[in-house]
Amino acid sequence: MSGFASWLGGQGGYLNPKLKAFTEVDDNGDRGIVAEEDIEEGQQLMLIPLSCCLHMPTQQEQAASQGQHTAALQYLSTEQTRLSPFLSTVLLLLYEVGQGTASRFHAYLQTLPQEHDCVLCWSKGQLSELEGTAIEIAGDSTRTVFGREVLPIMQQQQQLWPPDVQTYEAFELYAGLVQSRAFHMLSENWLTGLAQEGVELYMLPAIDMINHATEPGKRNTLLRKSSAEMTVKVDGAPLTLHGFFTMKAERDISKGEQLLHTYGDLSDAQLLQTYGFVEAFQPGYENPHNFVPVPVHLVLQSCSESGDETALACFESKKRLLEQAKLLRNAFVVTAQDPLPDDLVTAVQVMHMEPHEFSELEKVEATDDMGEASTSQPASAEPQPAFLLGTGFMNDTSDAQAVCTTLLRLVDKLLRRYPTTLKDDAAALHRDRPMPHRWKMAVKVRMGEKELLQAMKQAVVMLMLDSQSPDDGDSSDEDDASPSDEEEEDSAGSDEDQEHGTGAEAAVARLLGAKASSDTALQDKPLHKKHRHK
């Protein structure tokens, strides 16, 4: 650590002497930074000059550096402009590794771990544990990308990348380190200072040792970037810094407390895919940023399999209208805040509309399209649906029971995508034998998503009960005003039904026997806060 601190200080950086780095913070051997003494709010924790950060500089930064860039950086910025920021950063890192002790980043490179849990390096067997989750495994393999895009560059420029860094093993290691440790930041248009274009990746010495906390109350510091010039003294001589990253204590930090900040509002799946970790299980706490993407093709498939002639009538026309209304995009999103999204319910309602109802909707939408004034939106803004029917509109426009049956069938399909059931996962966590770390992380991702799908199923159950007409049962009987405990348990279904199920129709058959009070309208409850994960 002393060598690293000396290197950092020699370039105008600062690391609070009350901090201890490379401290093991859990049973998995993960490292972090811990306070060795009490630190008061507002105290400087770190200052990392931009010159200490490994990244592809912007045009503005290149101009300010007055040509003080490595040969590899010059080559990549002029001859490989189409290369992604990620692969460019990996090649920069491999160049510095190849320089050995001659690299000006040598002290920093010595702090990097020699293994990681990034998903891009998982085996096929390990990846199979992530089937059905929000983690995207599609695309070319790491080995394919290396052979097609990276190795040819290194072989053509062997004076920059010597043979010992031209191996797949080296690429896999350092690509994983860039994936798990680099900070992603939006880059400004340096000419106008207004638009934000693309993403910049920064390898930040010292700062990349600080771990993430999803719970805001656990965080005690915050990353800030400044483009301002600042003059500091190094060995008594002035040194001008052209931009820097800084972190201060955002509250009092006690002796023995770990430094924690945020990598962003990320789900367990995003944390694992991007950074190679998920936070430890905490009884009674679930990541509020977890989400389940619901593919459009599964929604349409569930509608087409309903056996409902109404759903099949004008199927392509209904689909086309939903596409035009921006209601059929890549996926719907289920979250803890919005377990039954309005756009999903709207899409299923439209697919179940009677032909005459759908014809009326087409006319209304055609009229709205002709009379709608154009409104300006930021280019990056997500297109908003042209209309949302909402659950309160269901009884007037569609067969509510058919809509709910389709939604339950959809939940069953989503649950069947996982290799295990929620019950299986819970049992696995309580086995006596140790669980491999990557398997345990996969289980946590799966469980978080399955719990959201259970919440979605419960929301459909409530909607189904609410949509029943008062004529369907005797609401005057106080004993029948709400389901008994036994009926509620039965209506939720057995463990098997809730997981891979006996089918949505079986759940519907049970639910139709349950009675609900007419004064418990779902649309009167704040269950549909609009939220879409970005």
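The values are calculated or read from the model by the stated rules, or taken from the named source; none is laboratory data. Not measured: the values here are computed from a predicted model. Using ideal geometry, Cβ is built from the backbone for each residue, glycine included, and neighbour counts are taken over all protein chains shown. Just so you know, the surface numbers come from the protein's heavy atoms only, side chains and all, with ligands and any DNA or RNA stripped out. Shrake-Rupley method; radii C 1.70, N 1.55, O 1.52, S 1.80 Å.
Within segment 201-260, being among the small types (G, A, S) and surrounded by 14 or more Cβ atoms within 10 Å (Cβ to Cβ) holds for A206, A213, S227, G243, A249.
Could you tell me which residue of segment 273-285 is nearest to L127 (Cα to Cα), considering only residues that are in contact (Cβ under 8 Å) with a residue 60 or more places away in the chain and open to solvent by 50 Å² or more (accessible area, probe 1.4 Å)? Lay out the reasoning, then the answer.
Of segment 273-285, the ones in contact (Cβ under 8 Å) with a residue 60 or more places away in the chain are 273-281, 285.
Adding the requirement that they be open to solvent by 50 Å² or more (accessible area, probe 1.4 Å) leaves 273, 280-281, 285.
On the way: Q273: 11, A280: 20, F281: 21, Y285: 26 Å.
Step by step, filter segment 273-285, then rank; the result is Q273.
Just one of the listed residues (L76, L19, L8, L45) is more than 29 Å from the chain's Cα centre (by Cα) and under 22 Å from K218 (Cβ atoms), and it is L19. Which condition breaks for E316 when tested against (1) open to solvent by 60 Å² or more (accessible area, probe 1.4 Å); (2) charged (D, E, K, R); (3) under 30 Å from P288 (Cα atoms)? Here E316 meets the rest and fails (3). The one condition from (1) modelled with pLDDT of 90 or more; (2) not in a helix (DSSP H, G or I) that L298 does not meet is (2).
Only residues that are among the small types (G, A, S) and within 14 Å of N211 (Cα to Cα) were counted across segment 251-266, and they come to 1. Within segment 11-23, the set of residues being open to solvent by 40 Å² or more (accessible area, probe 1.4 Å) and small (G, A, S) is empty.
Regarding segment 213-228, can at least one residue be identified that is small (G, A, S), part of a helix (DSSP H, G or I) and modelled with pLDDT under 95? Yes: one or more hits. One residue alone among D424, D399, D432 is open to solvent by 40 Å² or more (accessible area, probe 1.4 Å) and farther than 30 Å from F277 by Cβ, and that residue is D399.
Count, please, the residues in segment 24-38 that happen to be touching a residue at least 12 places away in the same chain (Cβ under 8 Å) and either open to solvent by less than 30 Å² (accessible area, probe 1.4 Å) or assigned to a strand (DSSP E or B) (or both).
5
For E451, the conditions (1) open to solvent by less than 30 Å² (accessible area, probe 1.4 Å); (2) under 16 Å from D268 (Cβ atoms) are fulfilled apart from (1).
Among residues of segment 251-272 that are under 19 Å from M46 (Cβ atoms), those with a beta-carbon under 7 Å from a residue that is open to solvent by 40 Å² or more (accessible area, probe 1.4 Å) and in a helix (DSSP H, G or I) at least six positions away or on a different chain give the pairs L260/K218.
Kindly check whether there is at least one residue in segment 326-334 that is surrounded by fewer than 21 Cβ atoms within 10 Å (Cβ to Cβ) and not in a loop (DSSP other than H, G, I, E, B). Yes, there is a match, as at least one residue in segment 326-334 is surrounded by fewer than 21 Cβ atoms within 10 Å (Cβ to Cβ) and not in a loop (DSSP other than H, G, I, E, B).
Taking the criterion of being of a type in the set (V, I, T), under 22 Å from the mean Cα position of the chain (by Cα) and under 22 Å from T167 (Cβ atoms), the residues of segment 93-150 that qualify are V119, T142.
Could you tell me how many of the residues in segment 111-152 are among the aliphatic types (A, V, I, L, M), outside any loop (DSSP other than H, G, I, E, B) and touching a Ser or Thr at 6+ places or on another chain (Cβ under 8 Å)?
If we filter segment 111-152 for residues that are among the aliphatic types (A, V, I, L, M), which is where we start, we get 112, 119-120, 127, 130, 134-135, 137-138, 145, 150-151.
Retained after the next criterion (residues that are outside any loop (DSSP other than H, G, I, E, B)): 119-120, 127, 130, 145, 150-151.
Now drop any that are not touching a Ser or Thr at 6+ places or on another chain (Cβ under 8 Å), which leaves 120.
The total comes to 1.
Contact map, segment 322-351: first residue of a type in the set (S, T, Y), second residue in a helix (DSSP H, G or I), Cβ cut-off under 8 Å, separation 6 or more or different chains; pairs are T335/L452.
Check segment 89-104 and report whether any residue there is in contact (Cβ under 8 Å) with a residue 12 or more places away in the chain and either in a loop (DSSP other than H, G, I, E, B) or under 26 Å from K413 (Cα atoms) (or both). Before the answer, list the steps.
If we filter segment 89-104 for residues that are in contact (Cβ under 8 Å) with a residue 12 or more places away in the chain, which is where we start, we get 89-98.
Next cut, either in a loop (DSSP other than H, G, I, E, B) or under 26 Å from K413 (Cα atoms) (or both) only: none.
No.
In segment 402-421, the residue that is surrounded by the fewest Cβ atoms within 10 Å (Cβ to Cβ) out of those that are over 24 Å from the mean Cα position of the chain (by Cα) and modelled with pLDDT of 90 or more is R409. Summed over segment 269-295, the residues that are among the β-branched types (V, I, T) and modelled with pLDDT under 95 give a count of 2.
Pairs linking a residue in segment 43-56 that is assigned to a strand (DSSP E or B) to a residue that is of a type in the set (D, E), with Cβ atoms under 8 Å and 6 or more positions apart or on different chains, are L54/E96.
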